[in-house]
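Q: Here it is, the structure in full.
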Amino acid sequence: MVEEMAHPLSKFLREAMMPHIWCSGCGNGIILNCFVQAIDDLQMNLDKLVVVSGIGCIGRAAGYTNVNSFHTTHGRPIAFATGVKLANPELDVVIVSGDGDLFAIGGNHFIHAARRNIGVKVICANNFNYGMTGGQQGPTTPLEALTTTTPYGNIEHPFNLVHLAAASGATFVARWTTLHARRLTQSIVKLLQKEGFCFIEVVTPCPEIFGRHNKMRTGLEMMEWFKKASVVEHFSDPAKAEITSEKIVVGEFVDIEKPSYERLLHEKIAQINKKAGELVREYAS
Amino acid sequence: MAKKETLLTGAHFMNGDVACAEGAIAAGCRFFAGYPITPATEIAEHLSQRMPEIGGIYIQMEDEIGSIAAVIGASYTGLKAMTATSGPGFSLMQENIGLAVMTEAPCVIVDVMRGGPSTGQPTLPGQQDVMQAKWGSHGDYEIIALAPSSVQEMFDLTVEAFNLSETYRVPTILLVDEIVAHMWEKVVILSSEKIKIANRKKPNVPTEKYMPFMPDDNLVPPMACFGEGFSFHATGLTHDEHGYPQTQSSEVQQRLVNRLCDKIRKNADKIIRVEEVMLDDADMVVVAYGIVARAALSAVRKARAEGIKAGLLRLITLWPFPEKHVGKIAKQAKAIVVAEMNCGQLVREVERSAKETPVVFLSKLGEDPHTPIEILDAIRRNS
Amino acid sequence: MPVRLWRTPLDTEKVKFPKAEIHIIKDQCKGCGFCIQFCPKKVLEESEEINARGVHPPKIVDEDKCIICSFCTAVCPDFAIFVLEKPCKEGC
């Protein structure tokens, strides 16, 4: 056993900002791990990769990835990323953000970017609460769950994120838990190569806060929940893909072909202006 | 589809919004994200037609918050980007204007001011967003704001707004009142070699040595963009010169926020523009901007005809506020008349800069700006 | 050999099973226990020592049992463990 070697994925991480701020047992580190593993598997051109994140624990992921990165205001990474992708369609734009950032304050931007099929990729860390601010209820908090703002039990129904993404028009929709590390990496590889708006929900443990309030005090207990309850149902109806204490439906639900917004935009520009102006970047078809 | 040329050199009869859009194109703007709102909608509609013709990007976003976020994103890829809105949309944009300030993203925001507050009077003018342009977002910061008074200035000042935002890496706001936006006047568009364009300074260090927020001598950091090989991080959190968050350091907060303010304050003399009319021997000075300045000019001329030594200080740059110019005329003037279409906004800055000199404020709300006679009466009463 | 086969393959003398080289970056570990819990061969267990973070990093029980599935590498949130194949010389 040798101790001096650097981790093989460390070249994808900003060493100056390591170690990351995430708690022991938090799944965000696994999401980062799977993401950089996927980038490594694809041998992606890092100069063309832009990681955009919102506010939240997972939002720090942009700072940790050693590529062009931007950390926006709360709820706005998708709108920011829309500007980036349209202005330079050659860039691979990946949004890594949380359930509250993307679906509460950012919900409007999510559904419209999906509807337009803007070619940005969204990886959502769903930990069922607002972790960074101390564990308040969020749009995916399960019914009756305890959080710091639902001390008597949550009376709101949570979103079914894969159903929302599919209904809004995403071309690729998947859900995995952080226990499904390999399958998550494979789905991220698919997501990075696909045209259009792609979405992966990653069910992730938040043991220090959500878990602690809801009788799962350690990351291991939460991961055991994932292990016990997960059921892979590829291409099943996302509307029925529930998350309960007994069942977490995971898999790839949607994988369709649909021309992206930027493809349609550049085709339209080419039509209007047969000789494309110097700023129309040739859209590789 | 007659117009496919990028720069429409020549003389035109245009409305203010269209002149602003053409000014953006002339300045090199190739990204527009907006949301329809009276009275700025024509800017979006015109650009929705022109952008594809010239190979630019136009997108109507789902709201104003998305619009300004997309503009900042496009700016970070190297494109000159703009959005246009009015009071209610401008209010929505404030948080992300703060993000543009903090990440030093060059961008132009056109605010065609209408009667407020709230939904107010969408089709009638106002100058009620002046203070909001400076103080609207939270935190300490400085922005640049320009106020055109004519349709020609709608074109020229839009070009200047882009130049300033690129030079100082700061969101630049064009504060237009609805009248100037909707009136039709002659606009002369010069040929491209006669239009001065400024672009953001690019880094000249190797990629691994680049620090995205290390300022140059003028306090502005050279800007790399996504895709150029500089893998930098930018965040709205307080950050050091590498761009990495430093949320626990008082020293970094002081250094960063002071620099963001000083970047504009210390360069104010290079930024500020005013128009001085008959001020050399004036002892009654009118300070005005936007459409009101047109009436004020007429009033000042009438006053001179009556023997009153009146002069006009027309503010072109509203922020940073031309305090030195106001301070100078205050020394020679008996009184300063400030006419604004609001309940008293820029007049406070005039009072602050004029110190002991009496300042008379003329407020007007609603459909019409001040008439020249109203301003003339104020001049007469106080001379 | 580290795997059990229901019959002996005919080329069993020629095929060498790769040997694992498990790297644990002790001070980067936050003690979540995922690698220990989810290793299919139970190669790791919690050590007695305390690292710079104040937790017990994993220690290797029997490196020979490792089948280099690298699940520990994939599921570690802190980039604190990775498995490589030991470069194989004759007789490994």
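Q: Could you figure out which of (1) touching a residue at least 60 places away in the same chain (Cβ under 8 Å); (2) not assigned by TED's automatic domain parsing to the domain that holds B:Asp156 isn't true of B:Glu5?
A: B:Glu5 satisfies every listed condition except (1).
Q: Kindly indicate whether B:Gly236 is touching a helix residue (DSSP H, G or I) at 6+ places or on another chain (Cβ under 6 Å), surrounded by 18 or more Cβ atoms within 10 Å (Cβ to Cβ) and not basic (Lys, Arg).
A: Considered against the rule, which asks whether it is touching a helix residue (DSSP H, G or I) at 6+ places or on another chain (Cβ under 6 Å), surrounded by 18 or more Cβ atoms within 10 Å (Cβ to Cβ) and not basic (Lys, Arg), B:Gly236 comes out as yes.
Q: Scan segment B:85-114 for residues that are more than 10 Å from every other protein chain (Cβ to nearest Cβ) and either without any contact (Cβ under 8 Å) to a residue 12 or more places away in the chain or under 19 Å from A:Ala113 (Cβ atoms) (or both) and jot them down.
A: Once the filter is applied, which keeps residues that are more than 10 Å from every other protein chain (Cβ to nearest Cβ) and either without any contact (Cβ under 8 Å) to a residue 12 or more places away in the chain or under 19 Å from A:Ala113 (Cβ atoms) (or both), segment B:85-114 yields B:Leu92, B:Met93.
Each row is one residue, and each column tells you yes or no for (1) of a type in the set (Ser, Thr, Tyr); (2) buried (at least 20 other Cβ atoms within 10 Å of the Cβ).
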| residue | (1), (2) |
| --- | --- |
| A:Ser10 | yes, no |
| A:Glu15 | no, no |
| A:Asn28 | no, yes |
| A:Ile31 | no, yes |
| A:Val36 | no, yes |
| A:Leu42 | no, no |
| A:Leu46 | no, no |
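Q: Still on this structure, I have one more. Of the residues B:Glu160, B:Glu251, B:Glu185, which single one is more than 14 Å from chain A (Cβ to nearest Cβ), over 24 Å from the mean Cα position of the chain (by Cα) and not in a loop (DSSP other than H, G, I, E, B)?
A: The unique qualifying residue is B:Glu251.
Q: Every residue in segment A:26-56 that is facing chain C (nearest Cβ under 8 Å) and over 12 Å from the mean Cα position of the chain (by Cα), please.
A: A:Cys26, A:Gly27, A:Gly29, A:Ile30, A:Asn33, A:Gln37
Q: Just give me the residues in segment B:44-58 being surrounded by 24 or more Cβ atoms within 10 Å (Cβ to Cβ) and facing chain A (nearest Cβ under 7 Å), in sequence order.
A: Listed by number, the residues that qualify are B:Gly56, B:Ile57.
Q: Still on this structure, please answer the following. Out of B:Met14, B:Met82, B:Met61, I need the residue that is touching a helix residue (DSSP H, G or I) at 6+ places or on another chain (Cβ under 7 Å) and away from chain A (no Cβ under 14 Å). Which one?
A: So the residue among B:Met14, B:Met82, B:Met61 that is touching a helix residue (DSSP H, G or I) at 6+ places or on another chain (Cβ under 7 Å) and away from chain A (no Cβ under 14 Å) is B:Met14.
Q: With respect to B:Val257, is the statement that it is farther than 30 Å from B:Arg114 by Cα, among the β-branched types (Val, Ile, Thr), modelled with pLDDT of 95 or more and within 24 Å of the chain's Cα centre (by Cα) true?
A: yes
Q: Let me confirm something: among B:Val337, B:Val292, which residue is outside any helix (DSSP H, G or I), modelled with pLDDT of 95 or more and under 30 Å from B:Trp184 (Cα atoms)?
A: Testing whether each residue is outside any helix (DSSP H, G or I), modelled with pLDDT of 95 or more and under 30 Å from B:Trp184 (Cα atoms) leaves just B:Val337.
Q: Answer yes if at least one residue in segment B:300-322 is in contact (Cβ under 8 Å) with a residue 12 or more places away in the chain, part of a helix (DSSP H, G or I) and in contact with a Pro (Cβ under 7 Å, 6 or more places away or on another chain), and no otherwise.
A: Yes, because at least one residue in segment B:300-322 is in contact (Cβ under 8 Å) with a residue 12 or more places away in the chain, part of a helix (DSSP H, G or I) and in contact with a Pro (Cβ under 7 Å, 6 or more places away or on another chain).
Q: Within segment B:108-130, which residues are over 17 Å from B:Leu362 (Cα atoms) and surrounded by fewer than 24 Cβ atoms within 10 Å (Cβ to Cβ)?
A: B:Gly116, B:Pro117, B:Ser118, B:Thr119, B:Gly120, B:Gln121, B:Pro122, B:Thr123, B:Leu124, listed by residue number.
Q: Any chance you could count how many residues in segment A:163-188 are farther than 19 Å from A:Lys227 by Cβ and away from chain C (no Cβ under 13 Å)?
A: 11
Q: Can you tell me which residue in segment A:246-269 is farthest from A:Gly83 (Cα to Cα), limited to those that are without any contact (Cβ under 8 Å) to a residue 40 or more places away in the chain and surrounded by fewer than 18 Cβ atoms within 10 Å (Cβ to Cβ)?
A: Filtering first and then ranking leaves A:Glu246.
Q: Oh, and also: Residue check, A:His157 against (1) in a loop (DSSP other than H, G, I, E, B); (2) in contact (Cβ under 8 Å) with a residue 40 or more places away in the chain; (3) closer than 27 Å to A:Met216 by Cβ, all met but one. Which one?
A: Only one criterion in (1) in a loop (DSSP other than H, G, I, E, B); (2) in contact (Cβ under 8 Å) with a residue 40 or more places away in the chain; (3) closer than 27 Å to A:Met216 by Cβ is unmet by A:His157, namely (2).
Q: Pick out, from segment A:57-136, the strands (runs of 3 or more DSSP E) lying fully within it that include 2 or more residues that are over 23 Å from A:Asn154 (Cα atoms) and within 12 Å of another protein chain (Cβ to nearest Cβ).
A: In segment A:57-136, A:68-71, A:92-98 are the strands (runs of 3 or more DSSP E) which contain 2 or more residues that are over 23 Å from A:Asn154 (Cα atoms) and within 12 Å of another protein chain (Cβ to nearest Cβ).
Q: Of (1) over 16 Å from B:Thr85 (Cα atoms); (2) charged (D, E, K, R); (3) crowded, with 21+ Cβ neighbours inside 10 Å, B:Asp140 satisfies all except one. Which?
A: Only one criterion in (1) over 16 Å from B:Thr85 (Cα atoms); (2) charged (D, E, K, R); (3) crowded, with 21+ Cβ neighbours inside 10 Å is unmet by B:Asp140, namely (3).
Q: So how many residues does segment A:1-18 have that are in a loop (DSSP other than H, G, I, E, B), facing chain C (nearest Cβ under 7 Å) and modelled with pLDDT of 90 or more?
A: 3
Q: OK, next. Regarding segment B:203-210, can at least one residue be identified that is within 13 Å of chain A (Cβ to nearest Cβ), in contact (Cβ under 8 Å) with a residue 12 or more places away in the chain and either assigned to a loop (DSSP other than H, G, I, E, B) or surrounded by 18 or more Cβ atoms within 10 Å (Cβ to Cβ) (or both)?
A: Yes, segment B:203-210 contains a residue that is within 13 Å of chain A (Cβ to nearest Cβ), in contact (Cβ under 8 Å) with a residue 12 or more places away in the chain and either assigned to a loop (DSSP other than H, G, I, E, B) or surrounded by 18 or more Cβ atoms within 10 Å (Cβ to Cβ) (or both).
The values are calculated or read from the model by the stated rules, or taken from the named source; none is laboratory data. Nothing here was measured: the structure is a model prediction, and the numbers come from that model. We place every Cβ from the backbone using ideal geometry, glycine too, and count neighbours over all the protein chains shown.
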